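A.B. asks: I have a structure here, written as C-alpha cells, and I will follow up with some questions on it.
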Amino acid sequence: MPAALVPVGARRPPGRWRCLTGRCRHCSSCSTISRRSRRRFIRADIFEWVPDRRYDVVFFGFWLSHVPPERFESFRSLVADCLKPTGRVFFVDDAHRTAEELVYGESSSLVRRQLHDGTPYRVVKVPHEPKALERRLQQLGWRITITPTSGPFFWGAGQLGLNDH
Ligand SMILES: C[S@@+](CC[C@H](N)C(=O)[O-])C[C@H]1O[C@@H](n2cnc3c(N)ncnc32)[C@H](O)[C@@H]1O
C-alpha cells in the first residue's frame, strides 16, 4: 500500500480537478480530488486547518522559513497531529534573503518582496541556520537531522519525539 503523504504549503495542483464541495472558486476551505487517483488536495489556511486523519509522511518544501516565529510551536504541533506514531517528517528550505529585501533590518523576520508587476508585499522569511534549527527541534523532542547543502539550502529528515504521540 502506498504511503500517505501530506505536503504542506503546496502550490495549486495542475490539470483538471473536481471540487467535492462545488464551491472551489469562492470558499476558503475545500477539497479537490483527482479523477484518476486517490490524491486529495485541500485548500485551507494551514494555521486553521485540523487534520482528519494521520499520515505516514509530512513533507514541506520552502515553507518552514515562512512560518512566523510566534507560530513556530503551533506549526510543530500540527505536524505532530498529522503523523502516525511511526510517521516521518521531511523538509527542504533555504535561508536566502537579498540585501534589497532587508528593508526592516537584518534581525527582522519580515522582508519586502515584489510581484512581477512591482506590487510590494511584506513577507515572513526567517533565515534559519541549520544547526540552530536542528537543536531547537531536538529540544522540542523531534528526532531530526538537518543537513546543509550548497548555498543557503538545507534539508531535514526525522521523526517526532515520543511525547508527541
Ligand atoms: C514559498 S511557497 C512554497 C510552495 C511549494 N512548496 C514550492 O516549493 O514550490 C509557499 C506556499 O505556501 C502557501 N501559503 C502561504 N500561507 C499559507 C497558509 N496560511 N496556509 C496554507 N498555505 C499557505 C502560498 O500560497 C505558497 O504556495
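A.B. asks: For segment 66-165, which chymotrypsin sites (Phe, Trp or Tyr not before Pro) pass both filters: DSSP loop (anything but H, G, I, E, B) and at most 15 other C-beta atoms within 10 Å?
C.D. replies: Of the chymotrypsin sites (Phe, Trp or Tyr not before Pro), the ones in loops of segment 66-165 whose Cβ has at most 15 other Cβ atoms within 10 Å are Tyr104.
A.B. asks: Then there is this: Testing the spin-label approximation: label points 7 Å from Cα along Cα→Cβ at Ser74 and Arg40. State their distance in nm.
C.D. replies: Computed distance between label sites Ser74 and Arg40 equals 2.3 nm.
A.B. asks: Another question, then. Give me the net charge for the shell around Gly158: Cβ to Cβ below 10 angstrom, other residues only, Lys and Arg +1, Asp and Glu -1. Mind showing how you got there, number by number?
C.D. replies: On the way: positive: Arg88, Arg143; negative: Glu134.
Combined, the nearby Lys, Arg, Asp and Glu give +1.
A.B. asks: Average projected area of the Cα convex hull of segment 49-165, in nm²?
C.D. replies: With every direction weighted equally, the projected area is 8.3 nm².
A.B. asks: For segment 113-164, what does the alpha-carbon gyration tensor say about shape, rounded, prolate or oblate, given a ≥ b ≥ c as the root eigenvalues, a/c under 1.5 as rounded, and a/b over b/c as prolate?
C.D. replies: Taking the square roots of the gyration eigenvalues as a ≥ b ≥ c, segment 113-164 is prolate.
Coordinate-derived values only; no laboratory data. Because the structure is a prediction, the values reported are computed rather than measured. For neighbour counting, all protein chains shown are included, and Cβ atoms are generated from backbone atoms with ideal geometry for every residue, glycine included.
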